[in-house]
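Each reported figure results from applying straightforward, stated rules to the coordinates on display, with no laboratory input. Model, not experiment: these values are computed from the prediction. As a convention, Cβ positions derive from the backbone with ideal geometry for all residues, glycine included, and neighbour counts pool all protein chains shown.
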Amino acid sequence: MRRSLCRSLEASTSALKLPAPSAVRISRSTPKRWHSTAEPAPRPITLLRQLLASRPPLSPSSSSSAADAGADEAPLHRIVAYARVVRSHRNVTFISLADGSLPGNETLQGVYRSSSSSSSLPDHQQLAPGVGLELTGRLKPSRGRGQAYELDIEHLKVTAPVDAATYPIPLTSSSTPASNDLLRKYAHLRPREARHAAVLRARSAFEKAISDWFWDAGFSRVAAPILTSSDCEGGGEVFRVEQDQGEEAGPTTPFFSSATPAFLTVSSQLHLEALAMGLGRVWTCGPSFRAEGSATNRHLCEFWMIEAEQLTSSSGPAALHEVMQTTQGVVQAAMHFALHHEQTRKDLEMLWQGHEATLQELESVASSSSGPWPTMTYTDAVSLLESEGRQLDEPPPAWGQSLSSSHERWLAQHVASGPLFITDYPSGLKPFYMRANENQGPEERRTVACFDLVVPRLGELVGGSLREERLDRLEAQPAALDWYAKDLRRYGCIPHGGFGLGLERLVGWLTNTDNLRDVASFPRTKGPLRY
Ligand SMILES: NC(=O)C[C@H](N)C(=O)O
């Protein structure tokens, strides 16, 4: 990573050394350029992260005089950043610079010295915390304590003033962060807050790691439709989609002229199953929509789901293990990458400050040497909850009832001290597409080949199953699913299975963010839709 940043920095600094392009006569066949060829091309912006990645190692003898001597030889960079904190003294002003590229609470100290800068310093009022700046400067070893390097500012311009009197979030240093309630009210301003930015960067890192893991495991990433004709889960919590015909329009024919209405997808699973029959192993990451009325901190109306489908080499319990292995691989890949990537690790360290023991627990969960995660059947889980009833926050479930989120958390913590697969739920609790288990007891104790992955502090993170591939078992399904139940099953349906992992839940779990409204950049929940 460091090397590739250096490479891109080299590219940008070598661009800096190029002479201004001389005027080129534009003939008809020359593609049009955005800026006149007589003007010099704007210098590329260097991200603070790139700048720091390019710093030479400090020798133990680095001193302020060495710093002075080296300063002029260091390349000149153009930076666009926010001022986080400004401290002005008589001849020198210190500005903590942030541009979103540095991890955690880190900033780069910019130093403006009236003796060596070529522009005059904007007045105190203008140079308030929160303003956007454009500056040029050279990176050099710091004279002060607290940072190894600082930016010696040559030229500074306030390009984006801030109306500090009305700014709704305290413009102080990030050591006194604003409350989550306040930040939620200003979702359009909160990406500037160190904590929220760290959560979003961590999410980006998880997605990169998951994508790489799937690629290496032979899964093709596919795009599934957002507009669908079926409610995959059968839960009925769907958003219906209609063409907006304006207020005055009378009754018109629906945009999609099929018998069934159009919905926003609740899950891509059925489409992924069709795609898996052609490609073997597929995955997708896209938005899912549920008209979720309950206002818990674990539900959003719009959330992103990582979903995968794979052909399995058998159809019994061993096949379910194949799907669970994939699930574990994906979750561990996200964790492992984030914990070992220098920048993301720093973000996580800031997010887990004060809870270092939990971060350590996550580290051992991420390690592939920990072997397969523990597995327990739903029936055993219910018996255990019954026998441990006094330890629980709420009464244990009877066989056939759902496990509550607090039951799931308790099981993960007490049975596994980490992730736990709970398998073989009663068929009455699960959707129609899950594969019925063989050798079952009485009708009312029927189970399906499925699993939920539950984890401490959160509860359910992933739900998956083998899919019912036998036509006769699916034939009772509604006509709308003809393509799925009949065609896919009668034209060569290799046993297969898959899962769905709620991305916001994963991010919340790994970034110490309990409320998913603080994970999604613009969360959607029942109630007013501001953005
Ligand atoms: N792809 C999946 O297995 C996810 C599942 N359909 C769900 O929505 O929970």
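Couple of notes before you dig in:
- Loop-located chymotrypsin sites (Phe, Trp or Tyr not before Pro) in the stretch 408-495 (DSSP state other than H, G, I, E, B) with a sparse environment of at most 12 neighbouring Cβ atoms within 10 Å: 491.
- DSSP-loop trypsin sites (Lys or Arg not before Pro) across the stretch 79-109, with at most 11 other Cβ within 10 angstrom: 90
- Scattering profile of the chain at q = 0.10, 0.12 Å⁻¹ [log10 I(q)/I(0), Debye over alpha-carbon scatterers]: -0.95, -1.18
- Rounded FRET efficiency, nearest 0.05, which uses the C-beta distance separating residue 223 from residue 457 and R0 of 35 Å: 0.60
- Tensor-based shape of the stretch 336-439 (alpha-carbon gyration tensor, a/c under 1.5 rounded, otherwise prolate or oblate): prolate
- With respect to the chain, whose longest principal axis is taken over its alpha-carbon atoms, helix 194-216 is tilted by about 60°.
- Each label point was placed 7 Å from the Cα along the Cα-to-Cβ direction; for residue 143 and residue 491 their separation is 7.6 nm.
- Relative contact order %, the chain, counting alpha carbon pairs below 8 Å whose residues are six or more apart: 12
- The chain: angle of helix 342-351 to the longest principal axis, Cα-based, in degrees nearest 10: 70
- Reachable aspartates and glutamates from residue 157, criterion Cα separation under 13 angstrom, eight or more residues apart if same chain: 123, 134
- Rounded FRET efficiency, nearest 0.05, which uses the C-beta distance separating residue 118 from residue 392 and R0 of 60 Å: 0.30
- At q = 0.12, 0.28 Å⁻¹, base-10 log of I(q)/I(0) for the stretch 244-301 (Debye sum, equal scatterers on each alpha carbon): -0.55, -1.11
- For the chain, calculated [θ]222 nm from helices alone, where every DSSP H run of n ≥ 4 adds -39500 (n - 2.57): -8000 deg cm²/dmol
- Long-range Cα-Cα pairs in the stretch 397-477 (distance over 20 Å), rounded percent: 37
- Modelled FRET efficiency - R0 30 Å, residue 245 with residue 291, Cβ distances, 0.05 increments: 0.85
- The trypsin sites (Lys or Arg not before Pro) of the stretch 400-454 meeting both criteria, a DSSP state outside H, G, I, E and B (loop) and at most 16 other C-beta atoms within 10 angstrom of the site's C-beta, are 446.
- Degrees between helix 2-17 axis and first principal axis of the chain (Cα, 0 to 90, nearest 10): 40
- Filter on 185/346; 486/526; 430/486; 430/526 - keep pairs with C-alpha separation over 30 Å: 486/526
- Where only alpha carbons of the stretch 397-531 are counted, the Rg and the Dmax (Å): 17.9, 53
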